[in-house]
1. Here's a check for you: in the stretch 61-75, which residue that is touching a helix residue (DSSP H, G or I) at 6+ places or on another chain (Cβ under 6 Å) and part of a loop (DSSP other than H, G, I, E, B) is surrounded by the fewest Cβ atoms within 10 Å (Cβ to Cβ)?
2. Here is a list: 7, 60. Which entry is over 23 Å from residue 112 (Cβ atoms) and in contact with a strand residue (DSSP E or B) (Cβ under 7 Å, 6 or more places away or on another chain)?
3. When the residues of the stretch 36-47 are narrowed to those that are under 23 Å from residue 117 (Cβ atoms) and either touching a helix residue (DSSP H, G or I) at 6+ places or on another chain (Cβ under 6 Å) or not in a strand (DSSP E or B) (or both), which ends up modelled with the lowest pLDDT?
4. Given the stretch 76-149, what helices (runs of 4 or more DSSP H) lie entirely inside it while holding 1 or more residues that are at pLDDT 95 or above and either exposed (fewer than 14 other Cβ atoms within 10 Å of the Cβ) or touching a strand residue (DSSP E or B) at 6+ places or on another chain (Cβ under 7 Å) (or both)?
5. Could you identify the single residue in 127, 114 that is touching a residue at least 60 places away in the same chain (Cβ under 8 Å) and more than 17 Å from residue 64 (Cα to Cα)?
6. Restricting the stretch 13-29 to residues that are part of a loop (DSSP other than H, G, I, E, B) and without any contact (Cβ under 8 Å) to a residue 12 or more places away in the chain, which is farthest from the chain's Cα centre (by Cα)?
7. For the stretch 1-14: of the residues being over 15 Å from residue 49 (Cα atoms) and surrounded by fewer than 16 Cβ atoms within 10 Å (Cβ to Cβ), which is modelled with the highest pLDDT?
């Protein structure tokens with residue numbers, strides 16, 4: 001499957017930025033990455049410093065909120081998005097307790113907006129890959145370790 005225009009959401013975060021760097025530099029991927037990130041507390045453009053210079057034709061950054069459905073429709077049309085790698089999320093447990101509304105908006109409504117934009121692309125759309133993470137185990141003190149049990 002040849003992907004030409006990959007939308008990466010949350011690409012300025014820790015995992016997303018490492019994914020972008022790896023995909024551009026260490027794989028056979030020859031398409032273009034459109035990095036859409038709203039640059040909240042977890043997004044840092046410095047995580048991708050030098051990427052635009054190294055891959056000027058293959059990397060583009062757009063400040064975008066996945067909760068903005070009309071903007072997503074524009075991005076999908078303008079860049080002919082044929083695949084999504086969706087990292088964007090609110091994932092900080094303490095923040096989810098204090099302000100659950102932003103988690104509902106981003107993690108549910110934002111993901112729905114992306115799915116709808118992908119569906120609207122029709123046959124031109126190939127792949128939707130959703131990466132979901134959260135601090136599911138809570139905090140760890142100075143000693144001990146987490147297990148899957």
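1. Only one residue fits best here, namely 67.
2. Only one candidate passes the filter, namely 60.
3. 42
4. Hits in the stretch 76-149: 111-121.
5. 127
6. 28
7. 4
The values are calculated or read from the model by the stated rules, or taken from the named source; none is laboratory data. Because the structure is a prediction, the values reported are computed rather than measured. Here Cβ is always computed from backbone atoms with ideal geometry, including for glycine, and neighbour counts include all displayed protein chains.
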